[in-house]
Amino acid sequence: MDEATAIRLVSQFLSERGFTSTLKALEIESGRKYIPLEDHEAKKTGQLQAILDDYTSRMKQKLALEVSPTHLFQRGQGEHANMLLKSFEDVGGGVNILVVRLIENGVLIYGAAKSLIGVAELSLPLTFERPPVTPIFTVSTFCKGAVLSLDVHPKNRNLIVCGSMDRLAFILDLSKADEDMVIQKFESHTKYVVRVLWSSSGNFFITASYDKTICVYKLRNDEVELYDIIQKLHFKGVIESLAFCKCRQMNMNSIGDDYVSFVPMHISFGPNGHFMLISTDQDRLLLYSWTNGKQIACFYGATNDELSQPRNCWDHSGKYVYGTSQDGSIVVWEIRSQRIVCKLEGHNATVRDLFFCNELKLLVSCGFDGSIKLWQSHSPTREIL
């Protein structure tokens, strides 16, 4: 639209609304006098209003598509984790297994109560035709409290950062002998270290604690893999979960108000990094677009309350999500339809952690029953609800 047409539309609007003083000011500043067309050549009235109404309608339609799961996500083909591949029972002598990770090379790592960290190597490939045998875990103690969290370095897969109940964060090098495995310890917190996480580059990692702080650590230099704390962030409440992402502020209430109706307990991002899944202390998980901050979907069917420690993760396809339930099951939802497609049952107590190994296409779970379980897609399943 050229400038003359734009000024004429605004002038028509002002004239029709009786804003004569404003119209006169516009005529003076623009140098264009508004002359209404004769009846026989006049176009319809309210042209500017019609254009604005049309624009608003288009924007609403566009926004509706931006926050619609049926528009944003493809329908799944049933190829999600749906059957137990292997269960490792009484791991660590039957203590509570609190966190677990599976690396693409078959290394399985867990953290547990009684300060235990266990490492085992599974023989690949892992399939139903060739299920893994129960491995021998190398079990070590590097701290004085339960190991609550751990994460594997994105590039050097031998480096593991851990957080424990004794306020300690530490880095392990799995390539070293047991007595030399701890290469750094950090006493930056005054309460439990409940979350640890590497950045995608591996140049940073962060720790979160119930002392209401998050600590940021940076690689000292490229010659030696040692890290230094560079920042300590203070918050009003305890930290339950964290993630690396592009910075933005977001209101998680769907209508944008400030009423606190839930606590976000666990955060995970989808494979493309555009969508964020939140487990809450209520009976629902929430899905958000990280692009516009809008709530896209709610997932119901898992049982959780203010005393729970729910966990979630994404399927490698980005079409399904997994969430823990207090009844010991793992609920599988298709994102597009928001429907439960499967419930994975096998744990006899609370499921404490979930992790999906994208490279091996395996879901790993652990819990208070002292077991670690591997779940895999055996054959496409139909939705059960």
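Overview of values
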quantity: Most mobile listed residue (E121, E79, E29) in the chain, GNM with C-alpha springs under 10 Å; calculated: E29
quantity: E29-L219 FRET efficiency (beta carbon distance; Förster radius 56 Å; 0.05 resolution); calculated: 0.45
quantity: Rg/Rg_globular for the stretch 70-376, with Rg_globular taken as 2.2 N^0.38 Å and Rg from C-alpha atoms; calculated: 0.96
quantity: The stretch 70-376, dipole about Cα centre (Lys/Arg Cβ +1, Asp/Glu Cβ -1), debye to the nearest 20; calculated: 640
quantity: Loop chymotrypsin sites (Phe, Trp or Tyr not before Pro), the stretch 199-249, which have at most 16 other Cβ atoms in a 10 Å radius of their Cβ (DSSP); calculated: F235, F244
quantity: Extreme residue, positive dipole direction of the stretch 70-376, given options S164, F73, I239 (C-beta unit charges); calculated: F73
quantity: Calculated Rg and Dmax of the stretch 155-225 using C-alpha coordinates, Å; calculated: 12.1, 35
quantity: E306 versus V10: modelled label distance in nm, points set 7 Å from Cα along the beta carbon direction; calculated: 5.4
quantity: Highest-MSF residue in the chain out of F142, F128, F269 [GNM, Cα springs under 10 Å]; calculated: F128
quantity: Formal net charge of residues neighbouring D369 (Cβ-Cβ distance under 11 Å; K, R +1; D, E -1); calculated: 0
quantity: Whole-angstrom Cα spans of the stretch 231-374 along principal axes, big to small; calculated: 39, 32, 30
quantity: Net charge, V238 excluded, C-beta distance under 14 Å - Lys, Arg +1, Asp, Glu -1; calculated: +1
quantity: For L116, residues with placed amide H under 5 Å, excluding near neighbours; calculated: V147
quantity: Förster-model FRET efficiency, 51 Å R0, D90 and R58, C-beta, rounded to 0.05; calculated: 0.25
quantity: Rough spin-label spacing in nm, given labels placed 7 Å along Cα→Cβ, for R75 and N292; calculated: 2.4
quantity: Gain on full stretching of the segment that runs from K155 to F244 - 0.36 nm per residue minus C-alpha separation; calculated: 30.4 nm
quantity: In order through the stretch 298-303: 3J(HN,Hα) via Karplus (6.51 cos²θ - 1.76 cosθ + 1.60), integer Hz, x for Gly, Pro; calculated: 10, 10, 10, x, 8, 9
quantity: Counted charge near G93, where neighbours are those whose Cβ lies closer than 14 Å (Asp, Glu -1; Lys, Arg +1); calculated: -2
quantity: Efficiency of FRET between I230 and T190 - r from beta-carbon atoms, R0 22 angstrom, step 0.05; calculated: 0.70
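Each value in this text was obtained by applying a stated rule to the coordinates, not by laboratory testing. Everything numeric in this text was worked out from a predicted model, so none of it was measured. Neighbour counts are summed over all protein chains in view; Cβ atoms, including those assigned to glycine, are modelled from backbone coordinates with ideal geometry.
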